Each structure stands twice: as C-alpha cells, then as structure tokens.
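The values are calculated or read from the model by the stated rules, or taken from the named source; none is laboratory data. The structure displayed is predicted, hence computed values, not measured ones. Here the Cβ is made from the backbone with ideal geometry for all residues, glycine too, and neighbour counts use every protein chain on show. All accessible areas refer to the heavy atoms of the entire protein, side chains included, with ligands and DNA or RNA removed. Shrake-Rupley method; radii C 1.70, N 1.55, O 1.52, S 1.80 Å.
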Amino acid sequence: MITFDEATGIFHLQGKQTSYFMQKNEQNHLFHLYWGSRLAKRLPDYVLKEIKRASYIADTDHIKEYKLERLPQEYPAFGNSDLRKPAYQLTFQNGTQISDFRYVTHEIIQGKPALKGLPSLRESIDCETLKITLHDAYQQINLSLFYTLFEEADIITRHSELENVGDDPVEINQLNSACVELPTSDLDLLHLSGSWARETHIQRTPLSQLNYRVESTRGSSSHEHNPFIALMEKEATETNGDVYSMNLVYSGNFEATVDVEMQDAVRMQIGMNSTLFGWQLQPGKTFVSPEAVLVYSQHGLQELTHKYHQAYQNYLLPKKFAKKERPILVNSWEACYFDLKEEALLELAQSSKDLGVELFVLDDGWFGHRDDTSSSLGDWFVDSQKFPQGLEHFITQIKQIGLDFGIWVEPEMISEDSNLYRQHLDWCIEVPGRLKSYSRGQFVLDLANTEVQNYLIETLSELFQRYDIDYVKWDMNRSMTETGSNALTSSQQKEFYHRYMLGLYRVLAKVTEQFPDILFENCAGGGGRFDPGMMYYMPQTWTSDDTDAIERLAIQEGTSLIYPAISMGAHVSQVPNHQIGRVTPLNTRGVVAMQGNFGYEMDLSKIPLEEKLEIKAQIEQFKKIRSTVQLGTFYRLAVPVKDNAKAWLFLDEQQVVVSYVQIHAKPNSPSKRLKLTGLNPEGLYLLPNGEKRYGDELMAFGLAIDTVKQDFYSQQWILQKVEDE
Ligand code: DGJ
C-alpha cells in the first residue's frame, strides 16, 4: 500500500515485509527517511528533527542551520548546500549547472506505467505507483520520480523522468534511476564482478570513508561488473541480517555508486553511466531513465535471492516462457567450432537424440563464408559449401531425427569482409578520421541509426520466417571502442551509448513480438550482458563461456544471487576443458550443469559407449528434476568446509534436489554431513537409499557426505516427499 500523510508530508510505501518512507518539508524538499523492515503503526515524523550532524556548509533558503548536506536527500542535486555525490546533473543554456527542484505534486496510480522505449518489470495486480513531481522554476524543468510497489513480491522499482517545459534545450549529464541514503556506514559492499569466462564472482568489501564505483563503460552491462550492488550489515550472512540492494534493468553502460560521507551516512545509487554521456533535452521533450529494482531483505542473502527470483520469474521474463520448462540442448560450438560438416552434424544430432536430447543448436559458422572469426558477420544467408542442399534441407533432417532446431546469430556485429560492410561503409560505429579497432575481427553495427535498426528487423524477420526455427542464440562478442555514429549530429554524439541501447531494445521488441514462439537465448561471449534488461526480451542467458564445472561453481553462485535458475544456461562439456584444461568427472559436470538450463557442448557422437550410457542416465535424471530446478525454490547450502565445496538445493511440493560438489580431496578427512534447509519440518522424505527422514531431521543432521580420495567429487540426492505413515 502507498499512502501520503498531509500533516507530516510523509510518503509510506508499505510492502509485505518492507517499509520505505520519504518526507517533504515546508521548503518542499524531499528527504529519505527509512528503508527496511515493515513498520505498521506510526509514521516516523521525528527522524529528520533528531538528526545531529555538524556541517561546514551554507544555510539553505537563508534559514539558519538548514543545511541539506546534513539531511538524507531522496534525489539530491549538486552545488547547493549539499556537496555530496548527486543523483543527477544538468547543464543549462547559460553554461551553469545549478538546479533547484522542489516538490509540486504527487499522484498514486493503480498498476504500473511502462517506460517508453525501455524494458521494465511488467505490472502485477497488486502493484501501485507513486509519481512525485518536482519543479525547477528558474529553468522550467519538471523532474518526476516514479516508485512502483509490488506489495506481495515485496520489491520496489524506481525510475526518473525529466521534462523540459521551458524554451531552451538542457543538457542532461546524469540522471540516476535510484538513490537511497542509509544512516550508517558500518556495512559491507557486495557486488558481482569478474571478466570474460570468470563472470559474477561475489565480492564483499567493508566500507570506509570513500567513494565506491561499480560500473561498465564497455557498451554492454559487461563481464566485468553486473549492474547490481548490495549493502549488508557486517554480521549479515546467508540467512541473517539486513541487506539493501539495487539491480538496474539496463544492458548498457551503468554505474552503481556508494559514497560514504564525512558524517558517516551512506549514499547508494544506480543508473546509466555518466562517463561519455550527455543528452540534449529539447523544449517539450521528456527523458526517461532506466528502471532500478530495489530489494531489501531482513534475513540475509537467501531472502534477497528469493525476492529477486520470484519477481523476475513473475514480472520480468517474457510471459510465454517464464514458467515453461526448457529443452535439453546440444550445441555445436565446442563440438565442432567453425568446422561444420553436414554429415557430422547429423551424426551429432542423431546420437544426441538417442541419449535423450531435445534441441539441436547450430552455433557460429553456418553463414556467409565464415570459417573463422575474420568474416561474414552481417551476411545472414547460409554457406552453401557447408550446406549444399540448403538450410531448409538440414533443418528438415534435424526435425526428422526428432529434435527441435536452434540457430546462432550475432546481429549487432559486422565483419569488414562481408557484403553488408561493402554495401554500407557508414553503418558501423566509428569516429570519422580515426582508426576503428578490430575485436575478434569485427566491428559493431550502429544501432543508434534507425536505418540500421530497420535493416536488422527486416533481415532477422526474414531469416526466422523462412526457416523452421524453435530457438535463437543471440550473441554479442565485443566491447565498443572509438564510439561515434554517422547518423547523429555533433551535439548528439554523447547520446550514442544510450541511443544504441534504445535502438537495440527497439529491434528486440519488434523481433520477439513477431516470433513469440521462438525461445531466445541471450549471450555476450557468455555472461557479458546477463542483466534484467536483456531478460525482459530473452528468457534465458548463456551464463559463461567457461564450461569447466569447478569454475562454474563461483560463476553460478554469483548469478544465482539475483537471477533464477530458469534464466541461466549451464552445459556439460568435454575434458580436458577447453577454457582451462581441467579434467573433472562427467558426474560432476552433470551435477553442476543441472543448476540451470541443462545441455551439452560436446560431440556426443564421438564418445565411448560407457560415457554415452552415463550421459543417457544424466539426461533421464535431469528430466526427473527439471521442473523442480526451473520452477521450484532455490537455496544455497552451508557446506562443512567452506571454500572447498559448494552445495545447493531446489525444492517444490513433490521433491527436493540436493547437489554437493567438493573441490579437493583432503587426507584423513572425517566424515561430514550436509544440512538441508527450506524443508517442511514435519514433512516425510524418501531418500535415494530407501530410508525415510523427517524434514526437521534433514535440517538438523543433514545428509551424510561420502568420504573419497578424489578431487572434484560430487553427489546429488533426489528426496521424494511422501505421506506420513
Ligand atoms: C561466444 C559464445 O559465448 C559462444 O558460446 C559461441 O557462441 C561463440 N561466441 C561463437 O562465436
């Protein structure tokens, strides 16, 4: 429920377990009062009055001791009596940057208005939106702050809009999606970072009086940092303590900042990256920021995860696929790379079908004359050398084998050696007169150009119309460098990165609307664009190019913090692993890949019989647990020896699936147990060995872990819920 109290000027966003308070005062400034566990009885109208902070700063509105820097701002400006990090920055026609927004009005709307041109959470029946409008009278600009409360899911989404109601253009240098002030810095910052093949590693750092910045300037949300930050109480753990978090529904450059100020308060913000950003807001126009999702948990990371998973599965993923079990696939990439031979591919398909696979994915190399990364991106027609009888013919055979068919594309890219490049020399991003750098031998198409967007919509529509395609892997394999657009004026060049994203979202919206039955998989060299923005259009993502089971433990753990298993691709590949050369048992590779959308990245036609039999059994096992993994509830489990093992659990009404992976064997190691969580204490569960245990026992004593003399060992248990005798 969202309420406003006239007498105190307090807004209350009251979720199932969370409260969020703001207050407007007589000067019509808007302050942040509180974000935390749900308060039911009264409005905290004493908070602002009780704040005591000295400040060597000017008085506001000539009111003695009224200093904004001392008070928690809801959406702070820069340059007045608050010199901390602002939530926005504007430059006016006269070159100055000082603004002064005051509250004018607000409305509480049933439901949730969509964000123009941008992905955002879809509305639910229980959501309400608060729109607060502020106005800068001198420069004639409206600033609207939007808050949607999803009461049951207990999350808040926020974004900001700027409307130029004056006569002169205004330059937007920054417009954050959300800003929150917490009263103490006795907190840890948690974020997900890494690199290509090493994405989403959980990092936890204690705060001190510094400015922290988690960001991407790579043109995509990036492998380096996920657009997510959390602040946690120092004592907070998986199951205890306060956690405050923000995740941005955006796939381009972002910044998430935490600023610990001199009086120990903390400003936490998220939004588009202000580096290399500028936007000319013409009179009469409105600029819309991306949406931020704010999740608070009173009970550590587990509750945080559950809130994100539920919200994303219910309100973010495309409805058609959000609750639909995903096919088990085989992908040609690590099996064949560019060496695509029709006969061998059909053998791979047939063997895969025999083992229980459901979808065949033809990865890179099927089009133009692409035998390596040096050519053909942009030429989305079949390579007749590799498929002499055409792609239709090949697809027909795949379908006759009994598999669905999926195809790889990388639509945002262009090779210098391509017909597309020869025809449209000005269609890639570039700064005229400067060198364009190759990355993987390719350039990036200028999606800020409407002509390029239209071309992509048309070409992809033709491709997906012509062939019988069930699944598309949409890849994107380079960071943007030397950015500029031939389609933009000089004053618009700073708008490039955001215009690219708006262009991409337009293409994605059109193509996915036109082909609602195709299952789209998002990929950017693995998890380089694993974010809620892409997830709005594409219900699953290839988590990482690193398919090594042990490396995947940390990657999938980090990803699991916010994104549900049904959105996360995880495949078994061959050994030695192609990325790091490690040899892990097939069982462990299977157990780890069963944490998401399961599949294989290996040539299943060229493996020994005993491996085939093991894979057949693996696939049968996954089919038994698939609905629990993809539609059930997920828990990370505490392991007996931290840093040497990972364990997790999925459960639904019927069964519990427990997985355990131990990294290294230890000598003279006593037997250990794995305690379960989330079970019904009084429920009775049938163990794989035929014994029965109650939920309370399984949570108190756990399951016995094997003692083995073997590295990379794993165990998986399926526990059936049974009737009590
Ligand atoms: C990067 C992807 O992450 C891989 O899975 C594969 O599709 C290659 N691109 C193909 O070029």
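Among the chymotrypsin sites (Phe, Trp or Tyr not before Pro) within the stretch 610-673, not one is in coil by DSSP while having at most 10 neighbouring Cβ atoms inside 10 Å.
In a reduced charge model with +1 at each Lys and Arg Cβ and -1 at each Asp and Glu Cβ, the chain shows a dipole moment near 1000 debye about its Cα centre. Residue 388: net charge of surrounding residues, Cβ under 15 Å, Lys/Arg +1, Asp/Glu -1, itself excluded? Local charge sum for residue 388: -2. Inter-label distance, residue 203 to residue 611: 3.7 nm, where each label sits 7 Å from its Cα along the C-beta direction. The antiparallel fraction among DSSP beta bridges confined to the stretch 248-399 stands at about 75%. With the convex hull drawn around the C-alpha atoms of the chain, the volume per residue stands at 168 Å³. Take the Cβ atoms of residue 239 and residue 680, set R0 to 25 Å, and the FRET efficiency comes out at 0.90. The label-point distance for residue 343 and residue 138, in a model that sets each label 7 Å from Cα toward Cβ, rounds to 7.9 nm.
The share of accessible area on the stretch 406-465 that comes from carbon and sulfur is 46 percent, using a 1.4 angstrom probe. Measuring r between the beta carbons of residue 59 and residue 320 and using R0 = 41 Å, the FRET efficiency lands at 0.10. A simple count of charges around residue 547, restricted to other residues whose Cβ falls under 12 Å of its Cβ and scoring Lys, Arg +1 and Asp, Glu -1, yields -3. For the stretch 127-218, the fraction of 1.4 Å probe accessible surface lying on carbon and sulfur atoms is 44 percent.
Please give the per residue accessible area of the chain, computed with a probe of 1.4 Å over protein heavy atoms only, in Å².
Value for the chain: 38 Å² per residue.
Principal-axis analysis of the Cα atoms of the chain puts helix 609-631 at an angle of about 30° to the longest axis.
Find the centroid of the Cα atoms in the stretch 167-232 and in the stretch 313-350, then give the distance between the two in whole Å. Answer, in whole Å: 33.
Note on residue 708 and residue 354: the extension gain reaches 124.2 nm, defined as 0.36 nm multiplied by sequence separation minus the Cα-Cα distance.
Segment residue 381..residue 696, full-extension length gain: 107.5 nm, with 0.36 nm per residue of separation and the alpha-carbon distance subtracted.
The calculated FRET efficiency for residue 723 paired with residue 673, based on their beta-carbon distance and R0 = 22 Å, is about 0.25. Would you mind telling me the share, in percent, of accessible area of the stretch 518-657 contributed by carbon and sulfur at probe 1.4 angstrom? Roughly 50 percent of what the probe reaches on the stretch 518-657 is carbon or sulfur. Ordering 618, 587, 633 by Cα displacement along the dipole of the stretch 508-643 toward the positive end leaves 633 in first place; charges were set at the Cβ atoms of Lys, Arg (+1) and Asp, Glu (-1).
Loop-located chymotrypsin sites (Phe, Trp or Tyr not before Pro) in the stretch 432-493 (DSSP state other than H, G, I, E, B) with a sparse environment of at most 14 neighbouring Cβ atoms within 10 Å: 438.
Percent relative contact order of the chain, based on C-alpha pairs within less than 8 angstrom and at least six residues apart? If you can, show how the numbers build up before the last one.
Numbers: 1762 pairs, mean separation 71.7, N = 725.
Over the chain, the number comes to 10 percent.
Once both labels are positioned 7 Å from their Cα atoms along Cα-to-Cβ, the gap between residue 173 and residue 400 label points is 6.6 nm.
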